[in-house]
Amino acid sequence: MMINLDIVFMIVIVIASFYQIFIKAEQNDWSRFRSESLSTIARYLHFGSLISIFAGIIYDIKWMPWIALYSMVGIILCLKPKEDKTKGGQKFVLILLFLLIFNVLRVPTHQNSFQDYISTKETYQCIHSFECVKLTSIVTAEDLLETKVEILPVEGYSFDFYYIFAKGSLKLANEDEMKGLNIAGFWIEY
């Protein structure tokens with residue numbers, strides 16, 4: 001029986017985080033929150049955020065950072081308001097700052113990400129950067145379903161990274177052109 005080191009590493013992180021947040025933490029550490037019940041919720045949010053970040057990094061799970069983002073927004077909402085007039089504005093600015101940082105971290109920096117997005121569609125499969133395969137289903141005269149495969153060379157490919165968004169474009173030999181815009185890790189065709 002072989003022990004997977006990733007699982008052992010994740011278990012150690014979970015145990016250390018649980019100890020640090022729930023056992024070692026003193027009540028004074030959580031005095032900036034509104035009440036006792038909110039401080040317990042804030043501890044769970046801290047714990048969930050930390051674990052989801054590590055799980056996303058170790059296991060390369062793309063949706064795990066979303067849990068961390070929601071946890072951090074929850075922590076911001078649990079903070080005690082200050083006695084000045086900008087109490088709501090500070091929370092709003094903090095949430096916008098977390099959303100901006102999260103957006104920047106989710107925008108792909110590698111040019112193959114647009115190619116991978118095109119490959120997730122049903123019509124095209126772009127395995128290499130120099131050619132794509134077009135798959136179309138046709139019905140024959142005998143009412144049989146056949147798949148037609150066309151290999152199309154890539155005539156133009158561009159990928160631009162602008163920190164808060166990315167743009168990609170792919171032009172094929174049959175004059176098909178696909179353009180996309182990536183915001184927070186999501187591709188939108190235009």
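The values are calculated or read from the model by the stated rules, or taken from the named source; none is laboratory data. What you are looking at is a predicted structure, and each value in this text was computed from that prediction instead of being measured. All Cβ positions, even for glycine, are placed from backbone atoms using ideal geometry, and neighbour counts span all protein chains on display. Just so you know, the surface numbers come from the protein's heavy atoms only, side chains and all, with ligands and any DNA or RNA stripped out. Shrake-Rupley method; radii C 1.70, N 1.55, O 1.52, S 1.80 Å.
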* Structure fact -> Note on Phe159: of the conditions (1) over 18 Å from Leu181 (Cβ atoms); (2) at pLDDT 90 or above; (3) open to solvent by less than 40 Å² (accessible area, probe 1.4 Å), unmet is (1)
* In the range 87-98, is there at least one residue being touching a Phe, Trp or Tyr at 6+ places or on another chain (Cβ under 9 Å) and either under 30 Å from Ile183 (Cα atoms) or at pLDDT below 75 (or both)? -> no
* Residue that is farthest from the chain's Cα centre (by Cα), among those in the range 135-184 that are over 13 Å from Gln115 (Cβ atoms) and hydroxyl-bearing (Ser, Thr, Tyr) -> Thr140
* Asked: Out of Ile101, Ile127, Ile95, which single residue is within 30 Å of Ile75 (Cα to Cα), out of contact with any strand residue (DSSP E or B) (no Cβ under 6 Å at 6 or more places or on another chain), β-branched (Val, Ile, Thr) and open to solvent by 50 Å² or more (accessible area, probe 1.4 Å)?
  -> Ile101
* To do: Working only within the range 167-190, note down all residues that are closer than 13 Å to Arg106 by Cβ and open to solvent by less than 80 Å² (accessible area, probe 1.4 Å).
  => Asn182, Ile183, Ala184, Gly185, Trp187
* **Lone qualifier among Ile164, Ile151, Ile138 - being exposed (fewer than 15 other Cβ atoms within 10 Å of the Cβ) and within 30 Å of Arg106 (Cα to Cα)** => Ile164
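To keep it simple, each residue is scored yes or no on (1) basic (Lys, Arg); (2) more than 15 Å from Glu189 (Cβ to Cβ).
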residue	(1), (2)
Ile118	no, no
Lys121	yes, no
Gln125	no, yes
Phe130	no, yes
Lys134	yes, yes
Val139	no, yes
* **Counted residues, the range 46-77 - those being open to solvent by 50 Å² or more (accessible area, probe 1.4 Å), assigned to a helix (DSSP H, G or I) and aromatic (Phe, Trp, Tyr)** => 4
* When both residues are 6+ apart or on different chains and their Cβ atoms are under 7 Å apart, which pairs have a first residue that lies in the range 171-190 and is touching a residue at least 40 places away in the same chain (Cβ under 8 Å) and under 14 Å from Phe159 (Cα atoms), and a second that is open to solvent by 70 Å² or more (accessible area, probe 1.4 Å) and acidic (Asp, Glu)? -> Met178/Glu189; Gly180/Glu189
